[in-house]
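This report concerns only the one structure given below.
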Amino acid sequence: MYRLVVLFILFTCFAIPFSLASQYVVDNAIGDVFVRNKGKTIGVEVGYVIKQGDTITTGRDSECYISIKNGYIKVEQNSSITFEQLDKIAKGFKSDNVRVSGSVILSVGGVFSKDKTLNIKTQTAFATVRGTEFVIDADSRSTVVYVLEGAVGVAPLLSLTEEELIRRAVDVRKGEKIEISEIDIINATTFIKEGNEEGYGIFLNGKKRFLIESEKERFNQRMKTLRELQKKRKEELERKKKEYLKDPSKMFE
């Protein structure tokens, strides 16, 4: 019986850090960072677990780091991210749906898969992610997606279901960018209404461009901090795991 109790305690110890690792958690907040939900706004503290409906906003010279499993999301100054839906059940998969305004950097390699996607909406674009590194810069008139690793599916934000937007997205791959503006939404809508699928595909693929060297350097520097945070977080989880195995009483510290 005693051995079973110890095993249960050990399982509980591991479940705590690793269950937290599957959630969106604020790891660092610098400057003016707030969370708004249901009309209530409060300052964000480190360790805050994000709930569905939360909007994280940053002020001038402020930023927020959000961890998700082995990945990170950085909300840069004068930006926001709204967690509209978490673990939404779709056809054959689950999805987290967020809305972004301003500049947001995502390093989520290995976090999502074909069974769990991250769908991102801006004023003009829709992006679907299964694990990669990229940057989104968005305002009310246009959205630019810069891809540093992997691929991101991007489509104009049309009045279609998420499944249709995913199907109509073009893959923007490592070293590429795409800009989607208000005018692009109008043009894409025209192609679809006319039933011109080929024209739509040619049009959207024609929006892709290669990153220039100055862009690669700029975004790689911004991504470096996130990679370092990911490494430290993984090392911390491994350290805790070893501590629990060596001395189960540490769970009460």
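The values are calculated or read from the model by the stated rules, or taken from the named source; none is laboratory data. From a predicted model like this one, the values you see are computed outputs, not experimental measurements. As a convention, Cβ positions derive from the backbone with ideal geometry for all residues, glycine included, and neighbour counts pool all protein chains shown. With ligands, DNA and RNA removed, areas are computed over all heavy atoms of the protein, side chains included. Shrake-Rupley method; radii C 1.70, N 1.55, O 1.52, S 1.80 Å.
Per residue, the average separation of C-alpha pairs within less than 8 Å and at least 6 apart gives the range 146-197 a relative contact order of 41 percent.
Using the Cβ-Cβ distance between Lys88 and Asp171 with R0 set to 25 Å, the FRET efficiency works out to roughly 0.65.
For the range 134-182 and the range 64-83, what is the separation of their Cα centres, given in Å? If we compute the Cα centre of each part, the gap is 18 Å.
Helix-only mean residue ellipticity at 222 nm, the chain, DSSP H runs n ≥ 4 weighted -39,500 (n - 2.57), per residue, nearest 500. What is it? Show your work: numbers first, answer last.
Details: 5 runs with 80 residues, N = 253.
Helix contribution divided over all residues of the chain: -10500 deg cm²/dmol.
For Gly150, what is the net charge nearby, where nearby means another residue's Cβ is under 9 Å from its Cβ and Lys, Arg count +1, Asp, Glu -1? Here the charged neighbours net out to +1. Computed about the Cα centre, the dipole magnitude for the range 47-199 is approximately 460 debye when only Lys and Arg (+1) and Asp and Glu (-1) carry charge, each at its Cβ. Of (i) 12.7; (ii) 14.2; (iii) 16.1, which is the value of mean projected area of the Cα convex hull in nm² derived from the coordinates here? Looking at mean projected area of the Cα convex hull in nm² for this model, the match is (iii).
In whole percent, how big is the carbon plus sulfur part of the accessible area of the range 88-145, probe 1.4 Å, protein atoms only?
Numbers: 960 of 2070 Å².
Roughly 47 percent, rounded to a whole number.
Each of Gly206, Gly92, Thr55 was placed along the dipole of the chain (beta-carbon charges, centred on the mean Cα), and the one lying farthest toward the positive end is Gly92.
Tell me the relative contact order for the chain as a rounded percent, counting alpha carbon contacts under 8 Å between residues six or more apart. Walk me through the intermediate numbers first.
Working: 534 pairs, mean separation 31.6, N = 253.
13 percent.
Once both labels are positioned 7 Å from their Cα atoms along Cα-to-Cβ, the gap between Arg99 and Lys51 label points is 1.9 nm. Taking the range 103-140 and a reference point 7 angstrom along Cα→Cβ of Arg218, the backbone N atoms nearer than 16 Å belong to 103-106, 134-139. Inter-label distance, Ile186 to Arg141: 1.3 nm, where each label sits 7 Å from its Cα along the C-beta direction. Charged side chains reduced to their Cβ positions (Lys and Arg at +1, Asp and Glu at -1) give the range 163-214 a dipole of some 200 debye around its Cα centre.
How would you order 142-148, 79-85 from highest to lowest mean count of nearby Cβ atoms within 10 Å?
Working: 142-148: 22.1, 79-85: 19.7.
Packing order, densest peptide first, comes out as 142-148, 79-85.
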